[in-house]
Each structure stands twice: as structure tokens, then as C-alpha cells.
Amino acid sequence: MTPLHRCGKKTMNPKIIPIAVQQVSKERKRQAPKGRRVDPVALAEVQSLLGDASRQADLLIEHLHKLQDRFGHLSAPHLAALAQEMRMAQTEVYEVATFYHHFDVVKEGEAAPAALTVRVCDGLSCEMAGARELLVRLPALLGREVRVIAAPCIGRCEQAPAAVVGQNPVPQATCESVATAVAEAAVTDVPEGFIDAASYQAGGGYALLRECVSGARDVESVIKTMEDSGLRGLGGAGFPSGRKWRIVRAEASPRLMAVNIDEGEPGTFKDRFYLERDPHRFLEGMLIAAWAVGIAKIYIYLRDEYHGCRALLESELDKLRSAPPMADMPQIELRRGAGAYICGEESAMIESIEGKRGMPRLRPPYVAQVGLFGRPTLEHNFETLYWVRDILEKGSAWFSAHGRNGRKGLRSFSVSGRVKNPGVKLAPAGITIQQLIDEYCSGMQEGHTFYGYLPGGASGGILPASMNQIPLDFDTLQPYGCFIGSAAVVVLSDQDSAVGAARNLMRFFKHESCGQCTPCRVGTAKAADLIDQPKWDLALIAELSNVMRDASICGLGQAAPNPMDSVVKYFPHELS
């Protein structure tokens, strides 16, 4: 007797099921695959929206954006239809759609979000400028037909408090200006002083690239000049740029290139500032790097918050393709982020370009050997490439001649907070915070006294005003438990507190952890809870900090404890 018979259940031996019945069963299996049945109306809508665009898997995020833009959310029927159209499992599509903050996935039975969303930045600089009041007042003012939500840093810290109405930014936002933007459906304008393709070429643009391609300059001399300049990666890691070109060039072809314009570090906006004004200086540097390294294809990854920059860059890339400045110009693809700070990490960005969740890879192997689609990949930050033309035209000595306090080079500081004149400040590497405030920012705001500063964005730590003579550059801040990263400087005054800043930053890290590793996923949440308490458990905080630093997979979890550790070390009076 079979086990089923012993349990009192009746069954039929499959060997004696009629062949016709077995055949019908097989047909049903073929007609009804596992998972949600695809709605024909939803399928037709997806097919119409995608048109003749490729259905390759790495375009999944691009196609999700099309659905989100068209319908204002991602419904279950549309996700199922997209999965069928792209020949992917529904779980693959769903896990990607739910990973990114800018996709509104609506489950069965749930109501769709309002047609228009207003995002109010609650990053540190915007919080200091009054974002909390906006979040309290706007919902009642705008009504139920507009959704108002808090958003992590949107890269407009010098315009704090900043908001985004749909995809249109509102600088120095007030309830009145946001309401006006909602009513008028404002569009993003091209910034004043913008240099388009024609103006750039009239000023000598792309002549350097043509010299390289024609043989007037050879690869070795170009790479050597980059090495001698001392230019290091300006996205935060600081790896020597010329050395990176040499390493990737030595790898087997085909070699690819990934350009990081995700710029999600709270306090950072320098890449957006330059992109809005002089995009071709970056594009020429990018193409020179591609020529020197032997790149077959280039992928540019731009954060979704930069909607105006995306339209601008798409237009200028079209001009470049119609009149290429070099023969056999590499194919350039512009890929759109979807709201995930973790994608600023190079391997997470590569995962996202491949159409996946932006989760950092374990290393080795490094992306220079095994990067995009398994190929050797040259990964660069936008600003790093922006300086290539100047360095090659003016020579390595020109760049390295700048600097203060024994440091060499130039740095673009994104300065926000309590200064009179925030913005991108091009200053010598090694300048001190006091010099930066006094010489480049016109001092502190009226009624505010310098109290502390973040030298490197959310993850770079917090230092007191008494430590105002430290040179701001790579490798100068590590002895103090801080780092410069992408040079995002946030200035605090006596009307702020380091404890309040640390709480804001830890909420951000909790929100942005990709969840892949337990030390970061659980650690950021636990840390946020611990420092929200009136009295901090210093022993437990120290233990948690050590675990996160030692065991997290990537820099997010490893650096997330910096703000709270800085408070304990440099602002103990706030804890007593």
C-alpha cells in the first residue's frame, strides 16, 4: 500500500491514467505557465509602449521607466506583460521593480498613487533649511490629488530646501513656489551660460580628440601625462586615473566603459553643476579615455533625479552622433538610474546597467578585469573625465601646480549648509574649511557661528569648528576618522547639533541600504534606533560600529557608522 493509501487518501496510479487525459494535462501546462496569467489588454499596452525597442534583459530598467512615466505606477498586469514580452520570469521583473525607490509598484487590490508626486528633500542641508515644515504643510495645501513624500538627497543642496514636482525641480522651495509649480506644470529650463555642441567646437572643442585619433598624440604620452598630473578619481574612491587607464588597457578586448553620474552622496552636486553648463568638455574627455584604453562601447549612468540633465545630454549626444568628432566613435548608451544611492558604488552601478538590482559584487574580481557583461571595464566619475582636456592641453604640471598646505591639484567642493554663498567652489586641493568658508563662501550666514562640518558628505564623518585647519584632500582626514570622498562639504552652525546631523544621516543609510548583507541591513536600522534614544548606549554603539565596518560587503555599511562615531569622539558634550 502506498503512503497516500495509508493516510486514507485515494489516488490513481499514473500508469493507468488514459493517454488522452495525460495529453490534455500536458496541453494545459503549456497554456498556463506558472505565475500570473498575462492580461491581453496590458500586453497590448506594453507592446505599444515599447514599440520596436529591443527586449534584451539589460534594458529592463529602461522599460520599467517607460511604464512608470506613462501610467504613473507599475501595475501587476503590466509587470506580468513586460515579463512575457522580455522572456523573463515574473519574479525577475518584480524584484527589480521593487528594489528602486522611483518605481511605484501597485499590488493586486491596492490603490494607485496620485497622478502627481511632490518629493521634498529631507537630506541634511534641506532639513537645516526648513524641509520638515514643507512636509507638514504641503499635503493640506495641495490636496489629495497630489502625493507629497520625503525623498533622500536630490543633488540640489545649494538650493535648499529643494523639492521636485513630478520631474521638475523647485529650488529654495516654499509652499507657495511648490503650489505654483504644481499648477503650472513647470518645465526645466536650460541653465544660463550653457555651452552647446556648436559653441564648444567654436572654442576649440574636440580638436584635442582629433589630435589623438590622427596620431599627433600617441597613447603612451597621453596616459603618462594623466599619471604625472596626479589626477585621482573624483567620485570618492580617489584611485589614480592614469594608472586605471593603463590597467584596463592591458586587459583582453573587447573592453567597455561605465561613466558614473549617479552622484547620490548627500551634499554632492558638482557633477550636475558642470553637466548643466559644459557637457561636451566631459564628453571629449570620455572619448579620449575610450581611445586611449581601446573601449568598444560606453555606458553613461545618470541618476533619475537629474531629469533636466538627461534631456540635455540626450540632445547633445544626438548632435555628437550626427557629426561624430572621430571615425569609429564608440557606441554610447545613456542609462537612467531609478533612485538608489547604492548604485553610486561601481559594481552596484554595473549591476543596474545590466538591468538588475543594484547590489554590490564581492571582489575580487575587480571591475577592471570582470565588469560590465563580464568584460574588462573602465569605470569613471563624471568630473574625473571633465578634467582630461584641460590636463592634456595645459600639461600635467598645470594641474599639479595648484594646491595648498603641501597638497597638489584642484578640487570641486560642493558646499552647502550655513554659509552665505553655497555652491560648487573650484579651489586648490588642501585648502582648509576655514579658508573655504572665508574666501569662497563669503563667510557664515548672518546670525550663525561656525560650529562643525562634514568634509565628505554623509559618510565622511563630522568634525568640530575647532579642527578648522586640516587640509581638505585625499588621505589627510583619515587620521581623524573622516575622509573627503567626493568633497561634499556641509557646514553646521551653533543653531545645529552634531547629534541631529548624525540622526538625519543614519536615517538615510537605513533607507538606502540595499539589504544584501546583514551587517549593513540590520546594522543601519539598529544604529538609527540607538542614536534616536535620549541617552546613547556608547558600549553597544561601539560594538555595532565595529561589526558594520568589519563585515559589510561595501562602503555603505563600512562608512555608515562615521557620523555617530564622530559625535562620540568630537561632540561628547552633546551626549551628556
With every protein chain kept in place and a 1.4 Å probe, the residues TRP291, TRP387 fall, from largest accessible area down, as TRP291, TRP387
Could you work out how far the C-alpha centroid of region 452-509 sits from that of region 128-172, in angstrom?
-> 25 Å
Relative contact order (%) - criterion: Cα under 8 Å, at least six apart; region: the chain = 12 percent
What does the accessible area of ILE195 come to, in Å² to the nearest 10, when a probe of 1.4 Å is used?
-> 60 Å²
In nanometres, what is the gap between the two model label sites at ARG404 and GLN434, each 7 Å from Cα along Cα-to-Cβ?
-> 1.1 nm
Only one of the values (1) 89, 67, 53; (2) 68, 59, 53; (3) 124, 71, 42 was calculated from this structure for Cα extents along the principal axes in Å; name its label.
-> (1)
How far is it, in nm, from the label point at GLU446 to the one at GLU543 when both lie 7 Å from their Cα along the line to the Cβ?
-> 5.2 nm
Please calculate how many Å² of accessible area region 324-368 carries per residue, with a 1.4 Å probe and no DNA, RNA or ligand atoms counted.
-> 36 Å²
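Give, rounded to the nearest 20 debye, the magnitude of the charge dipole that region 457-561 has about its Cα centre when Lys and Arg contribute +1 at Cβ and Asp and Glu contribute -1 at Cβ.
Magnitude of the dipole: close to 280 debye.
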Once normalised by the length of region 96-179, the mean sequence separation of its alpha carbon contacts under 8 Å that are 6 or more apart gives a contact order in percent of 31 percent
Solvent accessible area, Å² - ARG132, 1.4 Å probe, full protein context = 100 Å²
Say a paramagnetic label sat at a point 7 Å from the Cα of SER253, along Cα to Cβ; which residues of region 280-316 have their backbone N under 18 Å from it?
-> 287-299
Let a ≥ b ≥ c be the square roots of the eigenvalues of the Cα gyration tensor of region 224-379; is it rounded (a/c under 1.5), or, if not, prolate (a/b larger than b/c) or oblate?
-> rounded
Highest first, please rank the peptides 258-268, 82-92, 457-467, 233-243 by the mean number of other Cβ atoms sitting within 10 Å of their residues.
-> 258-268, 457-467, 233-243, 82-92
With each label point set 7 Å from Cα along the Cα-Cβ vector, what nm distance links LYS319 and GLU145?
-> 3.8 nm
Tensor-based shape of region 326-444 (alpha-carbon gyration tensor, a/c under 1.5 rounded, otherwise prolate or oblate) | prolate
With a 1.4 Å probe and every protein chain left in place, work out the accessible area per residue of region 193-292 in Å², rounded to a whole number.
-> 34 Å²
To the nearest 10 degrees, how steep is helix 76-85 against the longest Cα principal axis of the chain, on a 0 to 90 scale?
-> 90 degrees
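Mind ranking 559-566, 174-181, 295-302 by how tightly packed they are, going by the mean number of other C-beta atoms within 10 angstrom, highest first?
The most tightly packed comes first, giving 559-566, 295-302, 174-181.
Would you mind calculating the gained length between ALA183 and ASN421 on full extension (0.36 nm times residue separation, minus the Cα-Cα distance), in nm to one decimal?
Roughly 82.6 nm would be gained on extension.
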Overall form of region 76-197 per C-alpha gyration tensor (a/c, 1.5; a/b vs b/c) | prolate
Express the relative contact order of region 263-383 as a whole percentage, based on alpha carbon pairs under 8 Å and six or more residues apart in sequence.
-> 24 percent
Sulfur and carbon atoms: percent of accessible area, the chain [1.4 Å] | 52 percent
Treating the angle as unsigned and between 0 and 90°, give the value, to the nearest 10°, between the Cα long axis of helix 219-229 and the longest Cα principal axis of the chain.
-> 60 degrees
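The values are calculated or read from the model by the stated rules, or taken from the named source; none is laboratory data. Keep in mind the model is a prediction, meaning the values are calculated, not measured. So basically every Cβ, Gly included, is an ideal-geometry build from the backbone, and we count neighbours across all protein chains shown. When the accessible area is computed, the model is the full protein with side chains, heavy atoms only, and any ligands, DNA or RNA have been set aside. Shrake-Rupley method; radii C 1.70, N 1.55, O 1.52, S 1.80 Å.
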